[in-house]
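Below is one structure, written out as structure tokens; comments come after it.
Bear in mind these aren't lab numbers, they're just calculated from the coordinates by the rules spelled out. None of these values were measured; they are calculated from a predicted model. Here Cβ is always computed from backbone atoms with ideal geometry, including for glycine, and neighbour counts include all displayed protein chains.
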Amino acid sequence: MNFLQDSLEGFLAREHRVAIVEVSATKGSAPRDKGTFMLVAPTEIHGTIGGGQLEYVAIENARKLLAGAGGEASLDIPLGPDIGQCCGGRVELTFTVADEAARKALDARLKEEERRKPQVWVFGAGHVGRALAEALTLLPLKVFVVEARESELDQLTSEVHHRLDAMPESLVADIPPGSAVVIVTHDHALDFLIGREALARTDLAYIGMVGSKSKRGSFLHYLEEEGLDRTVADRLVLPIGGTAVDDKRPEVIAAMTAAEALLAFAAWRGETA
């Protein structure tokens, strides 16, 4: 069994006999939510419905279906001592052999999920920007990295959308509502320009800037010089990553900032629901 994940598209192109295992309902505590799915092929899997014995039971049932050796179209599994899990809830699973119609339905579903993913716009592809790109691409987010320096974009190794622009601040107005903006450029003056444009909007889920308390003070002074009320910066997270972890390595800042963005997206969804 190969637990290394390629893309779902690559998995489906390679595997011609596949069962779709979906969490159709949950009661009480469960490792994954309703709607979560995984794909099971005769010797490979893609995704997870929560791991543990629950997943092994699901894989075994799916492979029986694929082999025409029995298998159920649905299972109602108690997550207790009987299967060696202690969640205490129940999970209902449905199993669908992925024929052409099922694959088309799955493709449409994935395209819709991709369309609905929150967007994170990272301005700057230096050390922190690259670390952020690496951290964010592991999450269910659509990530854009904007740079004025092509040499920095060339160093990105993560699969993100690249934007080369000599005036990065000009792109802020076109970012979709509900997105996150993270400002980590190489130039404080450019940071301030981008920050001003971002704070001019009230429909962004998160606005963060790399820096320190003294940089925040400088930015507030800049806003006053621009004729803006410094209270607009109340919506700005500066420094990004907070101060709970006293570690300024780019990877640590990126991890903490990614957590901030996820919390901001959850709060935004709650406010706009």
Fewest Cβ neighbours within 10 Å first, please rank H16, H127, H162 accordingly.
H16, H162, H127
Which of the trypsin sites (Lys or Arg not before Pro) across the stretch 165-273 are loop residues per DSSP, with 12 or fewer other Cβ within 10 Å?
K248
Which of V57, V143, V18 ends up with the largest GNM mean-square fluctuation for the chain, with Cα atoms connected below 10 Å?
V57
Assigning unit charges at the beta carbon (Lys, Arg +1; Asp, Glu -1) and nothing else, what dipole magnitude in debye, to the nearest 20, does the stretch 47-152 show about its Cα centre?
240 debye
Longest exposed-loop-site-free stretch of the chain, with GluC sites (Glu not before Pro), DSSP loop and at most 13 other Cβ within 10 Å?
73-158
Considering only the chain, percent of DSSP beta bridges that pair antiparallel, nearest 5
50 percent
For the chain, build the charge dipole from Cβ charges (+1 Lys, Arg; -1 Asp, Glu) around the Cα centre, then report which of V21, F265, S7 sits farthest towards its positive end.
V21
Within straight cross-link reach of K111, meaning Cα distance under 15 Å, which aspartates and glutamates are found once same-chain residues fewer than 8 apart are removed?
E9
Gap separating the Cα centres of the stretch 92-111 and the stretch 232-264, nearest whole Å:
38 Å
When the charge dipole of the stretch 117-272 is computed with +1 at the Cβ of Lys and Arg and -1 at the Cβ of Asp and Glu, the Cα pointing farthest to the positive end, of A125, M209, A135, is that of A135
